[in-house]
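Here's the structure, in structure tokens; my notes come after.
Just so it is clear, none of the values below were taken in a lab; they were calculated from the coordinates. Remember, predicted model here, so these are calculated numbers, not experimental data. Glycine also receives a Cβ, built like all others from the backbone with ideal geometry; neighbour counts cover every protein chain displayed.
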Amino acid sequence: MIKPIAGIAGDDLDPEGEYLSTAVQLRRRQISKEQLQKFEGYAAEIFTAFGLDVNTEGTLATPRRFIRAMLNVTAGYEGDPNSSRLSKPPAIGFP
């Protein structure tokens, strides 16, 4: 049985990453656990560069939540190559 994807937002709702794994499978993304951990590390580096201390109790899970949110909001982009474009690009040149 597939669990609701809505639960992937917070670690307290998905401590084992089960909802995230289900969401990734449903969306046919080929992202390994190792890749997710690498992306979380990149996010932590970015947040640190912006001045966020990612080693406090309240921010330890921020990189993970951010990567999960990015996966969620970009769901569906991998299917149709035209779905990532909201409208046609403007015409360039003169009539």
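Modelled spin labels at Lys38 and Leu60, positioned 7 Å past Cα toward Cβ, are 2.6 nm from each other. Peptides 43-53, 59-69 ranked from most to least packed, by the mean per-residue count of other Cβ atoms within 10 Å: 59-69, 43-53.
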